[in-house]
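Each value in this text was obtained by applying a stated rule to the coordinates, not by laboratory testing. Note that the structure is a prediction, hence the values are computed from the model and not measured. All Cβ positions, glycine included, derive from the backbone under ideal geometry; neighbour counts span all protein chains shown.
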Amino acid sequence: MKIDLYEKVWMIGTGTMLAVFFSVIAYESVAMGRMPPSHVETIDPKAVMTDARFAPQGVRVGTDGSVHAHVVGLTFTWLPGEMTLPAGLPVTFHITSIDVTHGYQIVRTNAQSMVIPGYVSQFTTTFDPGDYLIVCNEYCGVGHHTMYAKLKVVPAEQWQAPGGAPATTTTAATEAGHEH
Ligand code: CUA
């Protein structure tokens, strides 16, 4: 069989690229443990509302002072509908869905994750002060476009941890150049 020279060049070039890309993906997932943030922790979607991780939803502070946001997605809303978080401190989001796949996106940031029933998506990020809009970026049904929530980020020293205890914000306040 005679193969034209240019065709051969394209075939070899394309084959090489595929081999390189596949090797990079295989290396990252096997050697570096890279995977989507939504495929690590599982949960029974029917029991989310009584699961200690999501009942109640909202902001919690760990015993080590770490800040966590626990969010549930359902057609067509995010629970809670509004959260207040401290600026400059790492916040870890734990998000799950009780029905279909949604997409949690904090507009004007690079924070976003697919939200898949049966799994808990997790990522950690920090914010600048301001008001943020959270939308659903994964088509989930007729009310998809109405699925949003609000996020308020205030300077860490003004932030009140849920339950009224003051935040441990010494580091953040120093970083921001404020006197404490
Ligand atoms: Cu939820 Cu689109």
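Worth pointing out:
- Cα-based shape type of the range 45-147, given that a ≥ b ≥ c are square roots of the gyration tensor eigenvalues and the cut on a/c is 1.5: oblate
- Residue exposure proxy: Ile134, Ile25, Ile95, ordered by other Cβ atoms within 10 angstrom of their Cβ from fewest to most, comes out as Ile25, Ile134, Ile95.
- Exposure proxy for Met17, Met114, Met147: other Cβ atoms within 10 Å of each Cβ, ordered fewest to most, give Met17, Met114, Met147.
- The range 20-29 - phi-based ³J(HN,Hα) in whole Hz, Karplus 6.51/-1.76/1.60, Gly and Pro as x: 5, 4, 5, 5, 4, 4, 4, 5, 5, 6
- As a rough footprinting exposure proxy, the listed residues His94, His145, His102 were ranked by other beta carbons within 10 Å of their own, and the order from fewest upward is His145, His94, His102.
- Taking amide H atoms as placed 1.01 Å from N in the peptide plane, the amide H of Met147 lies under 5 Å from those of Cys136, each 5 or more residues away in sequence or on another chain.
- The range 30-77 - percent relative contact order, Cα under 8 Å, separation 6 or more: 22 percent
- Antiparallel DSSP beta bridges within the chain, percent to nearest 5: 70 percent
- Linear extension gain, Leu18 paired with Gln160, 0.36 nm per residue minus alpha-carbon span: 46.0 nm
- Proximal aspartates and glutamates to Lys150, defined as alpha-carbon separation beneath 18 angstrom and excluding residues fewer than eight positions away on the same chain: Glu82, Asp128, Asp131, Glu138
- Computed from phi, the 3J(HN,Hα) profile of the range 59-73 under the Karplus parametrisation 6.51, -1.76, 1.60 (θ = phi - 60°) reads 8, 9, 10, x, 4, 8, x, 6, 9, 10, 10, 10, 10, 10, x Hz, with x in place of Gly and Pro.
- Each listed q (0.08, 0.10, 0.19 Å⁻¹) maps to a log10 I(q)/I(0) for the chain, found by the Debye formula over equal Cα scatterers with no solvent: -0.36, -0.51, -1.22.
- Between Lys8 and Thr42, the modelled labels are 5.2 nm apart [label points 7 Å from Cα along Cα→Cβ].
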